[in-house]
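Colleague: Okay, here's the structure, questions in a sec.
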Amino acid sequence: MDNLFQTELFALTLTVGVYLVSLWTYRKTKKKFLHPLLVSILVIIAILNMLHIDYATYKTGSHLIHFMLGPSVVALGYILFEQSRYLKGNIVSILSSVLVGSIVGIVSILLVGRVLGVTDVLIATVQPKSVTTPIAMAISAKAGGIPALTAVLVVAVGIFGSIIGPVILKYLCVESKIAKGLAMGSAAHGLGTATAIQMGAIEGAISGLAIGLMGIMTAICVPIINWLFHFF
């Protein structure tokens, strides 16, 4: 029986099965705190602990799901290509809004960190919180942060942003589809984009674009802003 729990079939069945049940529960209850990703993470952790399966074994067994991250990004590119006509005349506004969002996110962490007196390591760990996980971990490592903790924060921010983002946009009466997509992709990366796709094809396409732009701009801005802050 122990050998069964170590197999790829078990890891894939567990992951997909738990997520589908979590998704069904979320759609039935409509409770925001029962976000399928959050519930899936907690349930899988509990099952792995109960069955005494280490994370390395589970990661190896579920490698096909990790592999699908690549095709999923390509799929976002195709959606963007389909909606590319909406980019005409909006390139400057898109680039400037994502740039401002990146700078505000980085500077706000630095200021809050200074006020609270936290270490530079923690600041570097939190700064790329709104960037998709692979890029965020690389930025964190280069800045002297803790990549593993950054990955956890990125997931947490994504879940929170995908839940609260649509509520804030509705409260602020934001009607522009491009603005909605930029907001969701810039603030909540992949999970925000999944929510944006549910809003509409345009929102999803622009959100996918925002993920890439946010990653590039944050990677460029973090070292520059950190360097400037050392003079103050």
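Colleague: Looking only at residues that are over 18 Å from Val104 (Cβ atoms) and among the hydrophobic types (A, V, I, L, M, F, W, C) in region 117-134, which one is farthest from the chain's Cα centre (by Cα)?
Modeller: Restricting to residues being over 18 Å from Val104 (Cβ atoms) and among the hydrophobic types (A, V, I, L, M, F, W, C), the top hit is Val118.
Colleague: Could you tell me which of the residues Ile44, Ile103 is in a helix (DSSP H, G or I), at pLDDT 90 or above, surrounded by 11 or more Cβ atoms within 10 Å (Cβ to Cβ) and in the same structural domain as Thr133 (by TED's automatic domain parsing)?
Modeller: Exactly one residue qualifies, and that residue is Ile103.
Colleague: Then there is this: Return a yes/no flag: does region 162-175 have any residue that is touching a residue at least 24 places away in the same chain (Cβ under 8 Å) and acidic (Asp, Glu).
Modeller: Scanning region 162-175 turns up no residue that is touching a residue at least 24 places away in the same chain (Cβ under 8 Å) and acidic (Asp, Glu).
Colleague: Follow-up question, since we're still on this one. State yes or no: is Ile79 within 29 Å of Thr15 (Cα to Cα), assigned to a helix (DSSP H, G or I) and in contact (Cβ under 8 Å) with a residue 60 or more places away in the chain?
Modeller: Spelling it out, Ile79 is indeed within 29 Å of Thr15 (Cα to Cα), assigned to a helix (DSSP H, G or I) and in contact (Cβ under 8 Å) with a residue 60 or more places away in the chain.
Colleague: Considering only region 116-150, state which residues are of a type in the set (S, T, N, Q), assigned to a helix (DSSP H, G or I) and over 19 Å from Ala183 (Cα atoms). Spell out how you get there, then give the answer.
Modeller: Initially, region 116-150 is screened for residues of a type in the set (S, T, N, Q), giving 119, 125, 127, 130, 132-133, 140, 150.
Within this subset, residues satisfying the condition of being assigned to a helix (DSSP H, G or I) are 125, 133, 140, 150.
Hits for region 116-150 are Thr125, Ser140, Thr150.
Colleague: Same structure, new question: Report, by residue number, each residue of region 82-113 that is in contact with a helix residue (DSSP H, G or I) (Cβ under 8 Å, 6 or more places away or on another chain) and either among the β-branched types (Val, Ile, Thr) or under 30 Å from Thr13 (Cα atoms) (or both).
Modeller: Ile94, Val98, Ile103, Ile106, Val107, Ile109
Colleague: Show the residue pairs that are 6+ apart or on different chains and have beta-carbon atoms under 6 Å apart, the first residue being within region 201-218 and in the same structural domain as Ala138 (by TED's automatic domain parsing) and over 16 Å from Ala136 (Cα atoms), the second being of a type in the set (Lys, Arg) and crowded, with 24+ Cβ neighbours inside 10 Å.
Modeller: What qualifies is Glu203/Lys180.
Colleague: All but one of (1) within 20 Å of Ala138 (Cβ to Cβ); (2) surrounded by fewer than 22 Cβ atoms within 10 Å (Cβ to Cβ) hold for Ala187, so report the exception by its number.
Modeller: The single condition Ala187 does not satisfy is (2).
Colleague: Which condition does His52 not pass, out of (1) assigned to a loop (DSSP other than H, G, I, E, B); (2) surrounded by 12 or more Cβ atoms within 10 Å (Cβ to Cβ), if it passes all the others?
Modeller: (2)
The values are calculated or read from the model by the stated rules, or taken from the named source; none is laboratory data. Note that the coordinates shown come from a computational prediction; the quantities given were computed from them, not determined experimentally. Here Cβ is always computed from backbone atoms with ideal geometry, including for glycine, and neighbour counts include all displayed protein chains.
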